[in-house]
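Undergrad: Here it is, the structure, as structure tokens.
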Amino acid sequence: MSSYYDYDAELEALKRRRMLELQKMLEEQQRRQREEMQKQSILRVLLTPEARQRLTNVRLAHPEIAAYVENLLIAYAQAGRLRIPVDDDTLKQILVKVRAMFKRKSGIRIRRL
């Protein structure tokens with residue numbers, strides 16, 4: 001009989017651990033959603049509607065570049081290095097530079113000895 005109770009106690013412990021894991025995952029997801037909402041709110045202030053649309057289009061095709069540019073814009077704005085609002089032409093210039101940087105990073109180089 002004691003083995004049944006041990007099994008039951010072990011099962012309850014596993015359930016509690018799994019519930020804690022799920023709760024932590026949910027909290028993490030909610031934290032990420034709050035951060036994303038804050039980020040989008042900041043970007044609404046920083047960018048003109050045309051620039052926001054362009055960044056949304058870039059996000060669809062190149063999410064890593066869009067995320068980098070978003071973080072860059074926010075950092076520049078916080079440092080006072082950005083004229084607000086950023087228009088579409090300025091965003092285009094930033095995107096050209098960032099895309100070139102990403103191409104250099106991801107380029108495969110073959111060196112022959």
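Derivation of every value follows stated rules applied to the coordinates shown; laboratory data play no part. Only a predicted model underlies this, so the values are computations on that prediction, with no experimental measurement involved. Glycine gets a Cβ as well: all are built from the backbone with ideal geometry, and neighbour counts include every protein chain shown.
Undergrad: Springs between alpha-carbon atoms under 10 Å, Gaussian network over the chain: tell me which of Leu14, Leu55, Leu47 tops the mean-square fluctuations.
TA: Leu14
Undergrad: Just add up the charged neighbours of Glu28: K/R +1, D/E -1, any other residue whose Cβ is under 14 Å from the Cβ of Glu28.
TA: 0
Undergrad: Could you quote the convex hull projected area for the stretch 2-106, Cα atoms only and averaged over all directions, in nm²? Walk me through the numbers before you get to the answer.
TA: Details: hull surface 40.2 nm².
The number I arrive at for the stretch 2-106 is 10.0 nm².
Undergrad: Lys103: which aspartates and glutamates have alpha carbons under 19 Å from its alpha carbon, excluding same-chain residues fewer than 8 sequence positions away?
TA: Those aspartates and glutamates meeting the cut-off are Glu64, Glu70.
Undergrad: Using Cα positions and a limit of under 23 Å, work out the lysines in reach of Lys97, with same-chain residues fewer than 8 apart set aside.
TA: Counting by Cα, and skipping residues close in sequence, Lys97 has these lysines nearby: Lys39, Lys105.
Undergrad: Can I ask one more? Hey, can you grab everything whose amide H is under 5 Å from the amide H of Val86? Only 5+ residues off in sequence or another chain; H modelled, so Pro and N-termini drop out.
TA: Leu47, Thr48
Undergrad: Another one. With springs connecting C-alpha atoms under 10 Å apart, model the chain as a Gaussian network and identify which of Ala77, Ala67, Ala13 has the largest mean-square fluctuation.
TA: Comparing Ala77, Ala67, Ala13 in the GNM, the peak value goes to Ala13.
Undergrad: Using θ = phi - 60° and the Karplus form 6.51 cos²θ - 1.76 cosθ + 1.60, what ³J(HN,Hα) does each residue of the stretch 69-85 get, whole Hz, x for Gly and Pro?
TA: Ordered by residue, 3J(HN,Hα) equals 5, 4, 5, 5, 4, 5, 5, 5, 5, 5, 7, x, 9, 9, 7, 10, x Hz.
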